[in-house]
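Input: a single structure, listed below in structure tokens.
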Amino acid sequence: MQQTMRKFDTLCDIIDRFDRDPAKLISILQAVQAEYRYLPKEALAYIATSLNLPPARVFGVATFYAHFALEPKGKYVIHVCDGTACHVKNSQGLVNAIQKKLGLTTDKNTTEDLLFTLETVSCLGACGLAPVLVINEDVHGMMTPQKCVEALDKIIEREAQQ
């Protein structure tokens with residue numbers, strides 16, 4: 001219950017920070033997602049009420065932009081490029097290695113502990129580094145399945161020490 005109240009207080013603070021202005025809906029959604037790593041459905045309903053907007057409008061904005069997520073994402077979001085250059089250089093092998101290492105599937109792309117989320121993207125704009133993946137903001141070029149596993153192992157080790 002205490003944790004729920006803290007989350008509610010945080011949500012109220014975010015909405016207040018943007019002066020409860022409906023014109024700032026996208027900025028509010030971005031701030032909420034930055035806080036929770038996704039947009040909880042309860043938060044969307046509360047935002048709609050707080051801004052005096054129809055819930056369908058808030059939900060429509062949240063689902064229109066690919067940047068927003070309605071399901072929890074991991075602390076580390078892995079984007080594997082599957083653009084032409086990366087695809088030709090076996091980006092699917094990277095996806096397979098990551099899925100195997102983390103126990104993920106095409107239907108389940110986030111680990112149970114919410115540490116990792118795996119997503120494929122059409123292009124990361126780093127074709128000269130193909131195949132490429134990005135973990136949060138860190139670009140990893142000329143990757144192999146083994147290098148993917150090593151990068152994940154480093155993160156897992158670092159997280160275990162915290």
Open item on the list: If I filter the range 44-76 down to residues being touching a Phe, Trp or Tyr at 6+ places or on another chain (Cβ under 7 Å) and part of a helix (DSSP H, G or I), which single residue comes out as nearest to I135 (Cα to Cα)?
Closed with: A62
- [ ] State the number of residues belonging to the range 140-158 that are exposed (fewer than 13 other Cβ atoms within 10 Å of the Cβ) and either closer than 19 Å to L114 by Cα or under 21 Å from the mean Cα position of the chain (by Cα) (or both).
- [x] 4
TODO: Check L11, L51, L44 and return the single one that is of a type outside the set (V, I, T), touching a helix residue (DSSP H, G or I) at 6+ places or on another chain (Cβ under 6 Å) and at pLDDT below 95.
DONE: L11
Task: Residues of the range 19-44 that turn out to be touching a residue at least 12 places away in the same chain (Cβ under 8 Å), surrounded by fewer than 17 Cβ atoms within 10 Å (Cβ to Cβ) and over 24 Å from K75 (Cβ atoms), as a count - done: 3
Open item on the list: Considering only the range 72-94, I want to know if a residue exists there that is surrounded by fewer than 17 Cβ atoms within 10 Å (Cβ to Cβ) and within 30 Å of I26 (Cβ to Cβ).
Closed with: yes
Open item on the list: Restricting to the range 110-132, give me the number of residues that are at pLDDT 95 or above, among the aliphatic types (A, V, I, L, M) and within 22 Å of R37 (Cβ to Cβ).
Closed with: 2
Task: Selection within the range 90-139 - under 15 Å from A151 (Cα atoms), among the β-branched types (V, I, T), in contact with a helix residue (DSSP H, G or I) (Cβ under 8 Å, 6 or more places away or on another chain) and not in a loop (DSSP other than H, G, I, E, B) - done: I98, I135, V139
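The values are calculated or read from the model by the stated rules, or taken from the named source; none is laboratory data. As the structure is a prediction and not an experimental result, all values here were calculated from the model. Because the Cβ atoms are built from the backbone with ideal geometry, glycine has one as well, and the counts that use them run over all protein chains shown.
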